[in-house]
Amino acid sequence: MSKYLNSKYAMFEAYVPGEQPQDKKYIKLNTNESPYPPSQKAIDAISADAVKDLRLYSDPECNVLREKMAKLYNVEKDNIYLANGSDDILNFSFMAFTENKEAAFPEISYGFYKVFADLYDLECEMIPLKQDFSIDYKDYLNKNKFIAIANPNAPTGKFLSVSEIEEIIKSNKDNVVLIDEAYVDFGGESCYALTKKYNNLLVVGTFSKSRSMAGARLGFAIADKALIDDLNKIKYSTNPYNINRLSLIAGAAAIDDNDYYMQNCKKIIKTRERVTKELTALSFDVIDSKANFVFAMSDKISGKDFYLKLKEKGILVRHFDTDKIKDYNRITIGTDTEMDIFLIKTKEILEAK
Ligand SMILES: *Cc1c(COP(=O)(O)O)cnc(C)c1O
């Protein structure tokens, strides 16, 4: 740390992303990326001419992609906001929608919520999950503060129904309720249609998981126009050209190929159900997941030990060293071949115990 850093950040704890090792090739089941490539259309869209055009700024209004997304989600273009990854939208929301300096979110959830809350000096209410790791929607009624919920939740994979979400929105009319749907395409149900009915609902999505484009950094929000205008105000006060030209082009092509991605999601769901069964047969406790990962633990091996042994064998999963979930690992669902190797290595590890 230099002597120039604002003292406010001296003790600040930043988010720690999952490992992205460059040293050797791992089977990467640690950051919930898709094992399948972007669609051929999206790949072909990045032509040499598109690269040449990088000398020009990107469209700050992202008109082409916003129009396509509005059609897909059956909303108006003014109800869509695009960002350099959905993390950017979470950041802006914790900044912009917390007049009373308070925020509520699940105690076990996406780690970034706490980081953003700290960044803006918010008082956080971190609401415990139920014993079975599910969220009780009743804990979020009448909170009178900004609320963020990942649905399905991470790293548990558990989800709330749209009607439960609606109860939360209805009882918190004076505050924004942010529903982070990073994993919704893997079996949950999106609540974006409720944005037509409630002006305090902000639905956040991403191209990083179900649309195979984590490296493109493309996130989106769907909400009432006034909320979208607010996000734009922050964007135009920080980084107006927030999305690069290539990502906008690839994103638009991806929306044209939506069926391809939804087919991939179906494949991933099928693989997830199989892996859940096989891990259960190996006496793992596997949380029922609606995401592209499973959260699992075994009495036969500690979470940390399992993570380290898998890493030695060339497989990366995500281990969180926090007390309540340290027995577990979050395992991204890869291709069937990758998961077969994962299961073989898992058996080897357990047999060597
Ligand atoms: C992966 C993830 C994000 C971040 O998505 P980006 O669009 O890649 O920034 C947001 N929320 C949750 C819950 C996630 O798991």
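The values are calculated or read from the model by the stated rules, or taken from the named source; none is laboratory data. Not measured: the values here are computed from a predicted model. Backbone-built Cβ (ideal geometry, glycine too); neighbour counts: all protein chains shown. In case anyone asks, the SASA skips ligands and DNA or RNA and just uses the protein heavy atoms, side chains included. Shrake-Rupley method; radii C 1.70, N 1.55, O 1.52, S 1.80 Å.
Figures for the structure shown
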| item | result |
| --- | --- |
| Cβ pairs under 6 Å, 6+ apart, first in segment 334-353 and open to solvent by 60 Å² or more (accessible area, probe 1.4 Å) and modelled with pLDDT of 95 or more, second part of a helix (DSSP H, G or I) and polar (S, T, N, Q) | ASP336/THR271 |
| Condition broken by GLY215, with the remaining ones in (1) part of a helix (DSSP H, G or I); (2) touching a Lys or Arg at 6+ places or on another chain (Cβ under 9 Å) satisfied | (2) |
| Selection within segment 123-150 - part of a strand (DSSP E or B) and either closer than 18 Å to THR322 by Cα or not small (Gly, Ala, Ser) (or both) | GLU123, CYS124, GLU125, MET126, ILE127, PHE146, ILE147, ILE149 |
| Residues located in segment 213-227, provided they are open to solvent by 10 Å² or more (accessible area, probe 1.4 Å), touching a Ser or Thr at 6+ places or on another chain (Cβ under 7 Å) and away from the ligand (no atom under 11 Å from the Cβ) | ASP224 |
| Looking only at segment 194-215, and only at residues there that are without any contact (Cβ under 8 Å) to a residue 40 or more places away in the chain and not aromatic (Phe, Trp, Tyr), the one that is nearest to LYS68 (Cα to Cα) | VAL203 |
| Residue tally, condition within 15 Å of the ligand (Cβ to nearest atom) and either crowded, with 24+ Cβ neighbours inside 10 Å or among the β-branched types (Val, Ile, Thr) (or both), over segment 192-209 | 7 |
| Yes/no for LEU29 being open to solvent by less than 40 Å² (accessible area, probe 1.4 Å) and either β-branched (Val, Ile, Thr) or within 30 Å of ARG330 (Cα to Cα) (or both) | yes |
| Flag if ASN153 is in a loop (DSSP other than H, G, I, E, B), buried (at least 16 other Cβ atoms within 10 Å of the Cβ) and more than 16 Å from the ligand (Cβ to nearest atom) | no |
| Inter-residue pairs, beta-carbon under 7 Å, first assigned to a helix (DSSP H, G or I) and in segment 45-61, second open to solvent by less than 50 Å² (accessible area, probe 1.4 Å), 6+ apart | ALA45/ALA250; ALA45/ALA253; ALA50/LEU246 |
| Helices (runs of 4 or more DSSP H) enclosed by segment 237-313 - at least 3 residues per element that are of a type in the set (Val, Ile, Thr) | 258-281 |
| Residue count, segment 36-46 (criterion: open to solvent by 40 Å² or more (accessible area, probe 1.4 Å) and touching a Leu at 6+ places or on another chain (Cβ under 9 Å)) | 1 |
| Sole exception among (1) away from the ligand (no atom under 16 Å from the Cβ); (2) open to solvent by 20 Å² or more (accessible area, probe 1.4 Å) for THR98, by number | (2) |
| Qualifying positions in segment 112-149 - open to solvent by less than 50 Å² (accessible area, probe 1.4 Å) and on the phi > 0 side of the Ramachandran plot | PHE133 |
| Residue within segment 52-69 that is among the hydroxyl-bearing types (Ser, Thr, Tyr) and more than 16 Å from the ligand (Cβ to nearest atom) present | yes |
| Any pair with Cβ under 9 angstrom, 6 or more apart, that starts in segment 78-92 at a residue that is at positive phi and ends at one that is within 11 Å of the ligand (Cβ to nearest atom) | GLY85/THR206; GLY85/PHE207; GLY85/SER208; GLY85/ALA214; GLY85/ALA216; GLY85/ARG217; GLY85/LEU218; GLY85/GLY219 |
| Selection status of LYS41, under 30 Å from ASP257 (Cβ atoms) and without any contact (Cβ under 8 Å) to a residue 24 or more places away in the chain | no |
| Answer residue from segment 174-189, given it is within 21 Å of TYR113 (Cα to Cα) and more than 14 Å from the ligand (Cβ to nearest atom) and is surrounded by the most Cβ atoms within 10 Å (Cβ to Cβ) among those | VAL177 |
| Residue pairs meeting the criteria (Cβ under 9 Å; at least 6 apart or on separate chains; first in contact (Cβ under 8 Å) with a residue 12 or more places away in the chain and assigned to a helix (DSSP H, G or I), in segment 100-122; second among the hydroxyl-bearing types (Ser, Thr, Tyr) and crowded, with 23+ Cβ neighbours inside 10 Å) | PHE116/SER93 |
| Residue within segment 262-270 that is within 25 Å of MET339 (Cβ to Cβ), over 19 Å from the mean Cα position of the chain (by Cα), open to solvent by less than 30 Å² (accessible area, probe 1.4 Å) and at pLDDT 95 or above present | no |
